[in-house]
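Values in this text are rule-based calculations from the coordinates and carry no lab data. Everything numeric in this text was worked out from a predicted model, so none of it was measured. Note: ideal-geometry Cβ built from the backbone for every residue, glycine included; neighbour counts use all protein chains shown.
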Amino acid sequence: MPGVTPKGAYFTRGSGHNQYGGYTEDSAEYQVVMDRLARKFRRAATLVPPPVIEATGTASEIALVSVGSCRGDVNEARDILHRSGIDVDYMRIKAFPFTKEVEAFLAGHNKIFVVEQNRDAQLRSLLTLETDVPKSKLHSILHYSGLPMTSKEIVEAVIAEIGDARRHTQLAHA
């Protein structure tokens, strides 16, 4: 019998529940539950903390986006880039679902570097799925070596991308 031993297989049903928590295979009842969850998710976006936005004040077209664990490295990278003549705005996302401020910040920048300390670009994936930002605007800066991230990695990635963009612009105007 499946599930009888600790190593045994077991069955679970793939059906759902209705709005009262009762078992149902009725698609209309199940859809009511899914629609309710969608409403709760939209409402949650109005209640979670907004992101922290640090603008340069120079109408920068370049932005860094991250979560709190990268904040120190991002701030140091912004200082280094500023001294190199590259002003970069920063948004530290504090919650999901994303607030309207996240969407507005993304819309206001042409090149957005998403700084993450994981291999799978989870934040970039969420931004792509949950906002209207074009994928082409988002550039991943990923760090997952097991060692702490440094500002050097961020600076090098930004300069490499900006340098490529400047080269392409110069070639187009030549």
If we count every other residue with Cβ under 12 angstrom of residue 54's Cβ, Lys/Arg +1 and Asp/Glu -1, where does the sum land? 0
Region 52-173: mean projected area of Cα convex hull, nm²: 7.6
The helix 151-173 Cα axis meets the longest alpha-carbon principal axis of the chain at an angle in degrees, between 0 and 90 and rounded to 10, of 70
Scaled by the rule-of-thumb 2.2 N^0.38 Å, the alpha carbon Rg for region 21-109 gives a ratio of 1.58
How much length, in nm to one decimal, is gained on full extension between residue 48 and residue 18, taken as 0.36 nm per residue of separation minus their Cα-Cα distance? 8.1 nm
So between residue 118 and residue 59, what do we pick up on full extension, going 0.36 nm a residue minus the alpha carbon distance? 18.3 nm
Please compute the modelled spin-label separation between residue 132 and residue 33, points set 7 Å along Cα→Cβ, answer in nm with one decimal. 3.3
Rank by packing, highest mean first: peptides 22-33, 100-111, with packing defined as the count of other Cβ atoms within 10 Å averaged across residues. 100-111, 22-33
Grab the other residues whose beta carbon is less than 12 angstrom from that of residue 82, score K and R as +1, D and E as -1, and report the net. -3
Once you have a ≥ b ≥ c as the square roots of the Cα gyration tensor eigenvalues for region 63-107, tell me rounded if a/c is under 1.5, and otherwise prolate or oblate according to whether a/b is larger than b/c. oblate
Express the relative contact order of the chain as a whole percentage, based on alpha carbon pairs under 8 Å and six or more residues apart in sequence. 19
